[in-house]
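Read the structure below first, then the notes.
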There are 2 protein chains.
Amino acid sequence: MSFDVLQDKIKAKKNPTVAGMDARVEHVPPSILKKHMDRHGQTLEAAAGAVLEFDKGLIDALADVVPAVKPQSAYFEMLGWRGMKALEEVVAYAKEKDLFVIADVKRGDIGTTAAAYSQAWLGTTQVGDASCPVFDADCVTLNGYMGSDSIKPFLNDCTQRDKCAFVLAKTSNPSSMELQDIVAGDRLVYTVMGDLIQRWGQGTEGKYHYQALGAVVGATHPSVLKELRYRLDKVFFLVPGYGAQGGTAADVRYAFDELGRGAVVNASRSIMCAWQKTGKDGADYQEAARAAAEQMRDEIRQYVQIL
Amino acid sequence: MSFDVLQDKIKAKKNPTVAGMDARVEHVPPSILKKHMDRHGQTLEAAAGAVLEFDKGLIDALADVVPAVKPQSAYFEMLGWRGMKALEEVVAYAKEKDLFVIADVKRGDIGTTAAAYSQAWLGTTQVGDASCPVFDADCVTLNGYMGSDSIKPFLNDCTQRDKCAFVLAKTSNPSSMELQDIVAGDRLVYTVMGDLIQRWGQGTEGKYHYQALGAVVGATHPSVLKELRYRLDKVFFLVPGYGAQGGTAADVRYAFDELGRGAVVNASRSIMCAWQKTGKDGADYQEAARAAAEQMRDEIRQYVQIL
């Protein structure tokens, strides 16, 4: 089971964090960007080349510190098909470096369309007699607003191909309350969603007793983390919102179980853009990212002991 | 305002429907698929080439019957970056033929990530001094589970670039009830979402009094269509679930206002796969698609008079 693989990697590196790959053009060190624009002009081709080189450099710098990376599809889609080609290469490169790859796509659709999304991100696409892998990440993020019809095709690929998925429960952003905190009987909408996630995942438990379907719960709501950790004891958590959005190590400790397992905390900008704070114009982007990732790891380890 | 453009096209063709471009490899007529596999083998490249040729042929056949097409991103993503390249070409080709293009992507994310998605699908991406259009559809579908943070960046592009968007309210699939029909005070979750959609769109009314933010409401729930049409009087509806999923012309009439405006009904498989029912092995796929689209138009026109 794929969360077993993630938990094993977390244990090996004593680091329950994931580095987001969310680079826009303006996050790429100027020298890298210039090189690609000199070659291809002010084009999406140049931008995609620059982002790819930057992401690969980050992966090189982080590969022995973090267990996982999380490329965010939006920043590749905004570069068109060239961006999606770069995303395929980022996923492949990270896997080559033995990193666990969470494709942050937050897809949600039904029936054969959900199956197509699952083929794209976790499975394979059949062409004649050939089964072609596509983006082939280890894990994907999903939106469950449409119900189990939008989740089941992914669960099939999870069990058949040793993959896993996180479904949005309570997100880290301020306006998450508009729908997610609405009172529904004796629960809130995000609790309803959390209960659905645990129910949908039944029967897919791995060696650490977590199911193949996890939940996204934001670092900015520590009381919710505590409540949902207790309520959803078989659901692995992806915790965004650390750092730039305000979540601290003291906040995220509630995401973990008593053995320090069952959660992974994401940081994107604080790692990726660490070079912008050292005054070296990006020449040290790898060292800066690595130092930021080590600092985050050490902060969280003050509160969480991973057994 | 972009729903004005859509409504004008609907009026001109007297046809309030949109043709889904949802082709998997197995929906492409065998002769087209064979041609591309002979050239490129059993690869994603062959599949993307075949789907692109098929979609362009459908667009040619449908361009003077339907006002709009709706490519579904999942079926292009499952072919990797080559699929996304085909999708860019499908959008451009449909616009060239003066069709309104709804990119069915159901994206939902927050802050700068939502902005990146909006740049990808409705806006432009800045590279140096150049503003590069990416997929550049007229309209997009969204998932609002994360609240207004996931919608506002799109609304900016809607107002600045004359675009529009549909947000999921009550979807056509059986398991939509699992979350969307939960009782929340004196409303259901989908009504809460519908009210949010109307509130988020305030101030973006066009000449037909519809706002730039529409809602997805499935054809399979006629009583919900009736209820939401009355409640959300400024919200344009995209109505999936016609045909294959069970929605009929008698059902979808409730999506329209008293002037026969404010809604567009989608059909995908019944048009795209019409050739599979004529026994000609796909040689007549264009005529078959066109006939199916005309039939759907005529069925709906028995119930809806467009003024």
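The values are calculated or read from the model by the stated rules, or taken from the named source; none is laboratory data. Values in this document were obtained by computation on a predicted structure and should not be read as measured data. Cβ sites come from the backbone with ideal geometry, for glycine too, and all protein chains shown count toward neighbours. Note: areas computed on protein heavy atoms with side chains; ligands, DNA, RNA excluded. Shrake-Rupley method; radii C 1.70, N 1.55, O 1.52, S 1.80 Å.
Just for segment A:143-165: of the residues that are more than 10 Å from chain B (Cβ to nearest Cβ) and aliphatic (A, V, I, L, M), which one is nearest to A:LYS106 (Cα to Cα)?
Restricting attention to segment A:143-165, the residues satisfying the condition of being more than 10 Å from chain B (Cβ to nearest Cβ) are A:153-165.
Going one step further and asking which of them are aliphatic (A, V, I, L, M), we end up with A:155, A:165.
Details: A:LEU155: 15, A:ALA165: 10 Å.
So, considering only residues that are more than 10 Å from chain B (Cβ to nearest Cβ) and aliphatic (A, V, I, L, M), the one nearest to A:LYS106 (Cα to Cα) is A:ALA165.
Going through A:ASP136, A:ASP149, A:ASP109 one at a time, which residue ends up being part of a loop (DSSP other than H, G, I, E, B) and surrounded by fewer than 23 Cβ atoms within 10 Å (Cβ to Cβ)? Spell out the reasoning first.
Numbers: A:ASP149 fails: part of a loop (DSSP other than H, G, I, E, B); A:ASP109 fails: surrounded by fewer than 23 Cβ atoms within 10 Å (Cβ to Cβ).
Matching residue, one of A:ASP136, A:ASP149, A:ASP109: A:ASP136.
In the set B:ALA92, B:ALA103, B:ALA63, B:ALA47, which member is surrounded by 20 or more Cβ atoms within 10 Å (Cβ to Cβ) and farther than 21 Å from B:ALA212 by Cα? Walk me through how you get there before you give the answer.
Details: B:ALA92 fails: surrounded by 20 or more Cβ atoms within 10 Å (Cβ to Cβ); B:ALA103 fails: farther than 21 Å from B:ALA212 by Cα; B:ALA63 fails: surrounded by 20 or more Cβ atoms within 10 Å (Cβ to Cβ).
Only one candidate passes the filter, namely B:ALA47.
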So, B:SER2, is that one more than 8 Å from chain A (Cβ to nearest Cβ), modelled with pLDDT under 95 and under 15 Å from the mean Cα position of the chain (by Cα) or not? yes
Residue pairs qualifying under the 9 Å Cβ cut-off, at least six apart or on distinct chains, with the first in segment A:24-41 being closer than 24 Å to B:SER118 by Cβ and within 8 Å of chain B (Cβ to nearest Cβ) and the second being open to solvent by 50 Å² or more (accessible area, probe 1.4 Å) and in a helix (DSSP H, G or I), are A:ARG24/B:THR112
State the number of residues belonging to segment A:50-60 that are open to solvent by less than 10 Å² (accessible area, probe 1.4 Å), away from chain B (no Cβ under 11 Å) and touching a His at 6+ places or on another chain (Cβ under 9 Å). 1
For A:ASP162, work out the one condition from (1) over 18 Å from the mean Cα position of the chain (by Cα); (2) open to solvent by 10 Å² or more (accessible area, probe 1.4 Å) it doesn't fulfil. (1)
For segment A:31-64, which residues satisfy the criterion of being part of a loop (DSSP other than H, G, I, E, B) and either more than 20 Å from the chain's Cα centre (by Cα) or more than 16 Å from A:TYR93 (Cα to Cα) (or both)? A:GLY41, A:GLN42, A:THR43
Selection within segment A:185-202 - open to solvent by less than 10 Å² (accessible area, probe 1.4 Å), at the interface with chain B (Cβ under 9 Å from one of its Cβ atoms) and over 25 Å from A:ALA103 (Cβ atoms): A:VAL189, A:VAL192
Assuming B:ALA115 fulfils every condition listed in (1) facing chain A (nearest Cβ under 9 Å); (2) on the phi > 0 side of the Ramachandran plot apart from one, which condition is it? (2)
State the number of residues belonging to segment A:285-306 that are more than 15 Å from A:ILE271 (Cα to Cα), open to solvent by 30 Å² or more (accessible area, probe 1.4 Å) and in contact (Cβ under 8 Å) with a residue 60 or more places away in the chain. 1
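For segment B:175-204, what are the residues that are closer than 27 Å to B:LEU6 by Cβ, assigned to a helix (DSSP H, G or I) and polar (S, T, N, Q)?
If the condition is that a residue be closer than 27 Å to B:LEU6 by Cβ, assigned to a helix (DSSP H, G or I) and polar (S, T, N, Q), then B:SER176, B:GLN180, B:THR191, B:GLN198 are the ones that fit.
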Of the residues in segment B:62-76, how many are aliphatic (A, V, I, L, M) and at the interface with chain A (Cβ under 9 Å from one of its Cβ atoms)? 1
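May I ask you to verify whether A:SER172 is within 23 Å of A:GLN245 (Cα to Cα) and assigned to a loop (DSSP other than H, G, I, E, B)? Before you say what the answer is, go through the steps one by one.
Working: within 23 Å of A:GLN245 (Cα to Cα): yes; assigned to a loop (DSSP other than H, G, I, E, B): yes.
Here the answer is yes, as A:SER172 does meet what is asked.
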Looking only at segment A:166-178, filter to residues that are crowded, with 24+ Cβ neighbours inside 10 Å and among the hydrophobic types (A, V, I, L, M, F, W, C); which one of those is nearest to the other protein chains (Cβ to nearest Cβ)? A:LEU168
In segment B:248-284, which residues are out of contact with any Ser or Thr (no Cβ under 8 Å at 6 or more places or on another chain), under 30 Å from B:LYS34 (Cα atoms) and open to solvent by 30 Å² or more (accessible area, probe 1.4 Å)? B:ARG269, B:SER270, B:GLN276, B:LYS277, B:THR278, B:GLY279, B:LYS280
Examine segment B:113-121 for a residue that is out of contact with any Gly (no Cβ under 9 Å at 6 or more places or on another chain) and not in a helix (DSSP H, G or I), and state whether such a residue exists. no
Looking at B:THR125 and the list (1) within 12 Å of chain A (Cβ to nearest Cβ); (2) in contact with a helix residue (DSSP H, G or I) (Cβ under 6 Å, 6 or more places away or on another chain); (3) in contact (Cβ under 8 Å) with a residue 60 or more places away in the chain, which single condition is not satisfied? (3)
Please determine whether any residue of segment B:75-89 is surrounded by fewer than 23 Cβ atoms within 10 Å (Cβ to Cβ), in a helix (DSSP H, G or I) and either touching a residue at least 60 places away in the same chain (Cβ under 8 Å) or among the hydrophobic types (A, V, I, L, M, F, W, C) (or both). no
